Amino acid sequence: MKQEQFISQYQAQWEQMRAWLDYQQIPKRQRTRDALSEPTLDFPAAYRQLCHQLALAQSRMYSPLLIAQLNDLVTRGHHCLYTSRLHFAHRFIQFYLQDLPQLVRREWQALLLAGMLFFGSLLAMLIAIQIEPELVYSVLDGATVANMEDMYDPQRDSRFGREREADSDVYMFGFYIKNNTGIGFQVFAGGLLYGLGSVFFLLFNGLYIGAAAGHLTQIGYIETFWGFVAGHSAFELTAIVLSGAAGFKLAAALIMPGRKVRSLALRDNAQQAILIIYGAATLFIMAAFVEAF
């Protein structure tokens, strides 16, 4: 292919790439002030094509001017690609170190309500079983209680430790993620029932965990039980409360939409609730990792 044909075939793509790169260099404030719209471009695909075109131009020994122009576009594109990756890493770190903590503090009322319902019911059941041990059967059936006793029996503590193979650890990691996120999703999605679902699942899980912990503590399986749960319970229980707070954020849009229509209020609140769920999901994954490995 002659150079003139090569230029004619790809000139439009180069101009589109140049316009897109020029737009990326405009400060965001100026874009907003001047109401500038971003040129349409599939940047990753266009950048790969541009690199290929530069290689073709060099191999066919086209004019140095054309090669210099293409090389300039490739260099600018590489800088933009590298910068975007740095921006992603920066946004990722900023979210967990700054944005998420600030959001959780702003939603302290929903967090407090979720914490009181969950930890209140958990502690109440745990303490009540120390006084009246038979209360455990009001929450757990006999088979579940027997299975827990067998699992944490101090006389069989040789089973605790590194006995599973690596593939079993990975399987259990997936199992715990499925189980943990299932609980979190129930608590979160329950907010769509005007918060009643979130209240129910927070109380249910609090009573269930409290009954299990209370019974095993009452019969003296303290070292085996608390030694196992101490490593991951902080992550998992906090994640459940965060899921409840996110659920109540959804409920607030339905119960108190203010001057907005409920659909708009729900959409706005959901954007904040999802960010809280990101934090909860991270804690659930951390808990699953500690449990499995």
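The values are calculated or read from the model by the stated rules, or taken from the named source; none is laboratory data. Only a predicted model underlies this, so the values are computations on that prediction, with no experimental measurement involved. FYI the Cβ positions are ideal-geometry reconstructions off the backbone, even for glycines, and counts take in every protein chain you see.
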Would a scan of the range 69-76 turn up a residue that is surrounded by 10 or more Cβ atoms within 10 Å (Cβ to Cβ), within 17 Å of Ser8 (Cα to Cα) and out of contact with any helix residue (DSSP H, G or I) (no Cβ under 6 Å at 6 or more places or on another chain)? yes
Please determine, by comparing only the residues of the range 10-32 that are of a type in the set (Ser, Thr, Tyr) and free of Cβ contacts under 8 Å to residues at least 40 places away in the same chain, which one is surrounded by the most Cβ atoms within 10 Å (Cβ to Cβ). Tyr23
Yes/no for Tyr62 being in a helix (DSSP H, G or I) and either hydroxyl-bearing (Ser, Thr, Tyr) or touching a His at 6+ places or on another chain (Cβ under 8 Å) (or both): no
Starting from residues that are surrounded by fewer than 20 Cβ atoms within 10 Å (Cβ to Cβ) and of a type outside the set (A, V, I, L, M, F, W, C), keep the ones in the range 239-261 and report whichever is farthest from Tyr176 (Cα to Cα). Arg259
If Gln30 satisfies all but one of (1) of a type outside the set (Ser, Thr, Tyr); (2) assigned to a helix (DSSP H, G or I); (3) over 35 Å from the mean Cα position of the chain (by Cα), what's the number of the condition it fails? (3)
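If you check Ile240 against the conditions, is it touching a Pro at 6+ places or on another chain (Cβ under 9 Å), touching a residue at least 12 places away in the same chain (Cβ under 8 Å) and of a type in the set (A, V, I, L, M)?
No; evaluated as a whole, the condition is false for this residue.
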Would you please list the contacts, defined by Cβ atoms under 7 Å and residues six or more apart or on different chains, that run from a residue in the range 33-50 that is modelled with pLDDT under 85 to a residue that is outside any helix (DSSP H, G or I)? Leu36/Ile26
Looking at the range 114-133, is at least one residue at pLDDT 95 or above, within 25 Å of Arg262 (Cβ to Cβ), assigned to a helix (DSSP H, G or I) and under 26 Å from the mean Cα position of the chain (by Cα)? yes
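If I filter the range 255-269 for residues that are without any contact (Cβ under 8 Å) to a residue 24 or more places away in the chain and under 19 Å from Asp99 (Cα atoms), do I get at least one hit?
Yes: one or more hits.
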Residue check: is Ile93 part of a helix (DSSP H, G or I), in contact with a helix residue (DSSP H, G or I) (Cβ under 8 Å, 6 or more places away or on another chain) and either surrounded by 10 or more Cβ atoms within 10 Å (Cβ to Cβ) or among the acidic types (Asp, Glu) (or both)? no
Select from the range 212-240 the residues that are aromatic (Phe, Trp, Tyr) and assigned to a helix (DSSP H, G or I) and list them in ascending order. Phe225, Trp226, Phe228, Phe235
